[in-house]
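Data block below; observations after.
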Amino acid sequence: MASSGSEGSDCSKEYKALVVQMRDGERKFSSRLLDFYNFDIDQAENGRQAVDLFVDGAVYDFAIRHIKSIDSDVKIVGTSEIGGDRIPFLQAGADFFLIKPVTLSNLFFVLARLGFFR
């Protein structure tokens, strides 16, 4: 189920993140970690729900480009269990790509590379 952190979100949050993960435990873990680092979190179980948080009815294949066209400052990290998904994610405009399972050290590395820790 998609959930938006914007409902009752904390205005003091410095960053905003969308966590898309079908596994509930992994989604909650990532969300709690990002919340600890002052991120306002939206959650979705899959790409369709993620797109629906931004626009109603968008086609998943164009989700990254569409989201970036709405807000070019959005940082998108693609994840997949299939390493071959890396090129399509990056060509569509993702800022980074990780192969699952995403580890804590990989997540910290990506957040640092994207400039969230100064």
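The order of V74, V102 by accessible area, most exposed first and with a 1.4 Å probe, is V102, V74.
Between V102 and any residue 5 or more places off or on another chain, the built amide H atoms are never under 5 Å apart. With the whole protein complex present, F117 retains an accessible surface near 80 Å², based on a 1.4 Å probe. Shown are E45, E14, whose ranking by accessible area with a 1.4 Å probe and every protein chain present, most to least, is E14, E45. Database remark: amide H of L18 closer than 5 angstrom to the amide H of D42 (H placed geometrically; neighbours at sequence offset of 5 or more, or on other chains; Pro and chain starts carry no H).
For segment 74-117, just say rounded, prolate or oblate: build the C-alpha gyration tensor, square-root its eigenvalues into a ≥ b ≥ c, call rounded for a/c under 1.5, and beyond that prolate if a/b exceeds b/c, oblate if not.
Values: a/c = 3.07, a/b = 1.25, b/c = 2.46.
Verdict is oblate for segment 74-117.
Of the whole protein surface, K28 contributes about 90 Å² of accessible area at a 1.4 Å probe radius. Segment F109..L90, full-extension length gain: 5.1 nm, with 0.36 nm per residue of separation and the alpha-carbon distance subtracted. Each residue of segment 78-83 was assigned a 3J(HN,Hα) from its phi angle through the Karplus curve 6.51 cos²θ - 1.76 cosθ + 1.60 (θ = phi - 60°); the sequence is x, 9, 7, 7, 10, x Hz, with glycine and proline shown as x. Remark: spin-label model distance K13-V102 equals 1.5 nm, labels positioned 7 Å along the Cα→Cβ axis.
Each residue of segment 96-109 was assigned a 3J(HN,Hα) from its phi angle through the Karplus curve 6.51 cos²θ - 1.76 cosθ + 1.60 (θ = phi - 60°); the sequence is 7, 9, 10, 8, 6, x, 7, 9, 4, 5, 5, 5, 4, 4 Hz, with glycine and proline shown as x.
The values are calculated or read from the model by the stated rules, or taken from the named source; none is laboratory data. On a predicted model such as this, the values are computed, not experimentally measured, just so you know. Positions of Cβ are generated from backbone atoms using ideal geometry, with glycine treated the same way; all protein chains shown enter the neighbour counts. Keep in mind that these areas ignore ligands, DNA and RNA; they rest on the heavy atoms of the full protein, side chains included. Shrake-Rupley method; radii C 1.70, N 1.55, O 1.52, S 1.80 Å.
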